Amino acid sequence: MSNDQIIQQTIAFVKKQLADAEGGHDWWHIYRVWKLSRHIAKEEKVESLIIDLGALLHDIADAKFHDGDEEIGPKLASAHLLSIGTDKDTIHHVEQIIRNISFKNSNEQKFRSQELDIIQDADRLDAIGAIGIARAFNFGGFKNRPVYDPDIQPNLKMSKAEYKKSLSPTINHFYEKLLLLKNMMNTSTGRAMAEERHLYMEDFLKRFYEEWEGKK
């Protein structure tokens with residue numbers, strides 16, 4: 001099977017697997033991360049098939065929708081890639097990308113590669129800017145969280161376990177994660193794109209608080 005056929009088979013698999021997913025973690029999230037990964041990869045020397053498959057499968061079974069099980073994603077990806085004849089080294093690399101990409105695992109990352117760096121940047125970029133704002137409030141609504149509560153302060157020192165269980169208002173999520181991502185980018189392209197998206201979020205928050213207090 002050619003690389004293009006492997007990619008097309010994987011797109012079909014991902015679309016089917018995420019057909020009923022929450023709107024911030026659905027096929028279109030995967031699509032955006034895939035396109036961003038390809039864009040960033042133009043400036044780097046990387047294995048293009050790893051970029052494509054890693055991006056397409058990075059969120060195939062997000063642990064927060066599977067009772068915190070972080071191995072479902074790698075297992076599903078591996079089974080799919082094996083079924084279409086992908087070589088073992090590629091499968092192993094994709095598994096490691098899935099295991100190590102997430103924000104909550106940043107302090108425990110046990111695997112590094114340039115392909116992971118690129119896909120991680122793309123995933124983080126999709127969590128900030130206009131898209132990131134939309135995704136944050138979509139997920140907050142999905143979890144029936146309050147939009148904002150001035151009496152609940154952001155927790156800036158959450159452990160991984162606390163982060164996974166957090167039920168804080170959506171606005172707090174900006175301080176607990178989204179505004180931190182700009183300084184966590186791996187590539188020069190990712191950093192440049194993150195700067196602009198970060199400024200957009202800061203402008204949004206300023207306007208949000210003004211409207212909350214009836215000043216605008």
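Every number in this text was worked out from the coordinates using simple rules, so none of it is lab data. Here the structure is a predicted model, which means the values were calculated and not measured. Cβ coordinates were reconstructed from backbone atoms using ideal geometry, including for glycine residues, and neighbour counts include every protein chain displayed.
Restricting attention to region 126-170, the residues being surrounded by 14 or more Cβ atoms within 10 Å (Cβ to Cβ), aliphatic (A, V, I, L, M) and either in contact with an Asp or Glu (Cβ under 6 Å, 6 or more places away or on another chain) or touching a residue at least 24 places away in the same chain (Cβ under 8 Å) (or both) number 5. Here Ile118, Ile101, Ile97, Ile128 are screened, and the one residue that is touching a Ser or Thr at 6+ places or on another chain (Cβ under 6 Å) and aliphatic (A, V, I, L, M) is Ile118. The residue that is nearest to Asp69 (Cα to Cα), counting only those in region 160-179 that are among the aliphatic types (A, V, I, L, M) and assigned to a helix (DSSP H, G or I), is Ala161.
Looking at Lys157, Lys182, can you tell me which residue is under 30 Å from Lys206 (Cα atoms), of a type in the set (Lys, Arg) and part of a helix (DSSP H, G or I)? Going through Lys157, Lys182 in turn, just one is under 30 Å from Lys206 (Cα atoms), of a type in the set (Lys, Arg) and part of a helix (DSSP H, G or I): Lys182.
Here is a yes/no grid of residues against (1) in contact (Cβ under 8 Å) with a residue 40 or more places away in the chain; (2) crowded, with 19+ Cβ neighbours inside 10 Å; (3) part of a loop (DSSP other than H, G, I, E, B):
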site: Leu76; (1), (2), (3): yes, no, no
site: Ala79; (1), (2), (3): no, no, no
site: Leu82; (1), (2), (3): no, no, no
site: Thr86; (1), (2), (3): yes, yes, yes
site: Asp89; (1), (2), (3): no, no, no
site: Phe111; (1), (2), (3): no, no, yes
site: Glu115; (1), (2), (3): yes, yes, no
site: Ile119; (1), (2), (3): yes, yes, no
site: Arg124; (1), (2), (3): yes, yes, no
